[in-house]
1. Pick out, from region B:300-384, the strands (runs of 3 or more DSSP E) lying fully within it that include 3 or more residues that are hydroxyl-bearing (Ser, Thr, Tyr).
2. Could you run through region B:318-337 and say how many residues are over 19 Å from A:GLU125 (Cβ atoms), surrounded by 14 or more Cβ atoms within 10 Å (Cβ to Cβ) and either free of Cβ contacts under 8 Å to residues at least 40 places away in the same chain or within 12 Å of chain A (Cβ to nearest Cβ) (or both)?
3. Quick check: anything in region B:238-246 touching a strand residue (DSSP E or B) at 6+ places or on another chain (Cβ under 8 Å), part of a strand (DSSP E or B), farther than 22 Å from B:SER382 by Cβ and not acidic (Asp, Glu)?
4. Test of understanding: among B:ASP253, B:ASP269, which residue is surrounded by fewer than 21 Cβ atoms within 10 Å (Cβ to Cβ) and either away from chain A (no Cβ under 14 Å) or modelled with pLDDT of 95 or more (or both)?
5. Read through the list (1) within 25 Å of B:TYR98 (Cβ to Cβ); (2) in contact (Cβ under 8 Å) with a residue 40 or more places away in the chain; (3) touching a strand residue (DSSP E or B) at 6+ places or on another chain (Cβ under 9 Å), then give the number of the only condition that B:ARG158 fails.
6. Among the numbered criteria (1) surrounded by 22 or more Cβ atoms within 10 Å (Cβ to Cβ); (2) over 30 Å from B:ARG358 (Cβ atoms), which single criterion is violated by A:SER92?
7. Identify, by number, the condition in (1) of a type outside the set (Phe, Trp, Tyr); (2) assigned to a helix (DSSP H, G or I); (3) surrounded by fewer than 20 Cβ atoms within 10 Å (Cβ to Cβ) that B:ALA149 doesn't meet.
8. Checking the structure you have, find out if any residue of region B:395-407 is among the β-branched types (Val, Ile, Thr) and in contact (Cβ under 8 Å) with a residue 60 or more places away in the chain.
Amino acid sequence: MRSLPVVLMLVGALVLGGCGKKPTTVPESSGSTVVEGSGTGSEQGQGQVGEGRDLPGASGSPTGGPAGVGNVIYFDFDRSEIRPEYAALIDSHAKHLAGSGAVKIRVEGHTDERGSREYNIALAERRAQAVRRALMLQGAGDGQLTTVSYGEERPAAVGSDEAAYEKNRRVELVYGR
Amino acid sequence: MFRRILAALAILALPAAPAGAQLTVQILKGMAESVPIAVVPLAWEGPGEAPYDVAATVHADLERSGRFRPLPRAQLVEQPHAAGEVDTADWRMLKVDYVLVGRVSGLPDGRFEIRYELVSVANGERLLGTAMPADPKALKRASHRVADAVYEKILGVRGAFATRIAYVAVDGPVTRRNYRLVVADADGANESKVFESHDPIMSPAWSPDGRSLAYVSFHSGLSAVYVQTLATGAQVQVSAKSGINGAPAFSPDGSRLALALSRRDGNVDVYVLTLATQNLQRVTEDPAIDTEPCWSPDGRTLYFTSDRAGGPQVYGVGLEPGARARRLTFEGSYNARPRISPDGRQLAVVTVDRGAYRIGSVDLQRGGLQVLSGGQLDESPSFAPNGADILYTGRVGGRDTLAIVSSDGRVQRQIAASAGELREAAWSPFLD
């Protein structure tokens, strides 16, 4: 299970590369972050893979975020407060957005699988909104940010244990949406 | 009456493609005092082979309910076909309380007629004697209706065998999940696909006439609520506002839809959308999460989940202006996703019971919460239209699957799918 997200990203990239029929549809979130974002591997608890990727190159891409900065913010159970350790990450993205007004991102909220699905949609929305507000406080423009809540529908890690749950309670910043 | 039934059957016979996975129902826990009954194969009064084994379906329905113990067919020492031929002394020796007998014959217009009689072994009384016409394609449904009548006569509660369920089936690789919204008979047969997407489909809800489903789909890239007519497949987008569009629930008269919306500010609240006018009424206005609305049977109250007191709990609020929400669950740290019983007395909820997510029942008159299910990740309770059973989603072997528990917790059944995961089942209303 531990290595699953890595496999998913690779397969996701292949799937995305192979089918270009509907660009507005977001396929699997973990797949799309690899294609659209930069340095996602290191923030998904998959450091060894993240370090092997071409981060500086990705930062030059018009659809990427700030170089070498992760794009996933993790949350505590049933909470939507942003933990202090993510202040720098959010600040980097906010500055990046403030500096390039044409860049748009999707702020995607997620929860772990426990409990009621629609309540989880609401909880993930609250997480996404917390990140959206934090980005705007640091200079990102309202029009650059779209939020979407997937609740528990799109886990980053499969499994019914705390190791999977903590990877799934997250907000992903997806560039180019 | 029968014309109305046939009209409903015609609609239900139409829908699209078969949906794939085969469903089977297994009884995990039956009632010790289940009713012993003999369901005698019905005589076929026509040429060639009988068009359908009505008794087999009645037998299976009654057995699957967990409330009956039908005698195995091999143990039927005699096979009477009319009440007058039932020798109660013989059936008493087999320790059977009731005997169902009958005949099937062809009608001049090409339909069939099912005649059935229910006999009480205790006193020889003929409890039911009914002749029912049935379209050749609807003999299975007609058989469910025979089971409904037997169930009601003996238990005093209308049977719900001739109803349907809607659910979300998920399969395919994790990188490219396939979501299907499926409608099937209450016994899992006759699956048909309503909608399909590689993006999540959630929260199916029946219209009170059983002809439409409201649900959430992400196929546009963002969440939106749709209403789809089953007979025609026509899909209408009814809510696609900024933020989340979720948790649809039809009002008892079908004219309005309760929803959870977050609008632009991200504050999730309960709203009521009048479908004909698109008029939107805000019901809750609290900085906390308010979601998962459910209508009281009289349409005057909405039950919903809110974390305004810290964690999720269930509240009720009147729809009259200025009404204040009232908290209804007090036991445990987590009570969510309320569904009201058809008689308005019992709320089924998702509750945390010693660390496990289970289906609980709240008695609205006396208070108090009873835990009904025994899984680790049980969710999405939905009452049968007769109130006797609750359909829900549980996790078995790492996969979401459907299960049914009686609303008193005494009968427990599991619905197994041959492939994929099944979740978020919603039980239809009565369909006639």
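1. Where strands (runs of 3 or more DSSP E) fall fully within region B:300-384 and carry at least 3 residues being hydroxyl-bearing (Ser, Thr, Tyr), they are B:301-309.
2. 6
3. No: zero hits.
4. Unique residue meeting the criteria: B:ASP253.
5. Against the list (1) within 25 Å of B:TYR98 (Cβ to Cβ); (2) in contact (Cβ under 8 Å) with a residue 40 or more places away in the chain; (3) touching a strand residue (DSSP E or B) at 6+ places or on another chain (Cβ under 9 Å), B:ARG158 comes up short only on (3).
6. Checking A:SER92 against (1) surrounded by 22 or more Cβ atoms within 10 Å (Cβ to Cβ); (2) over 30 Å from B:ARG358 (Cβ atoms), the one that fails is (1).
7. (3)
8. yes
The values are calculated or read from the model by the stated rules, or taken from the named source; none is laboratory data. None of these values were measured; they are calculated from a predicted model. As a convention, Cβ positions derive from the backbone with ideal geometry for all residues, glycine included, and neighbour counts pool all protein chains shown.
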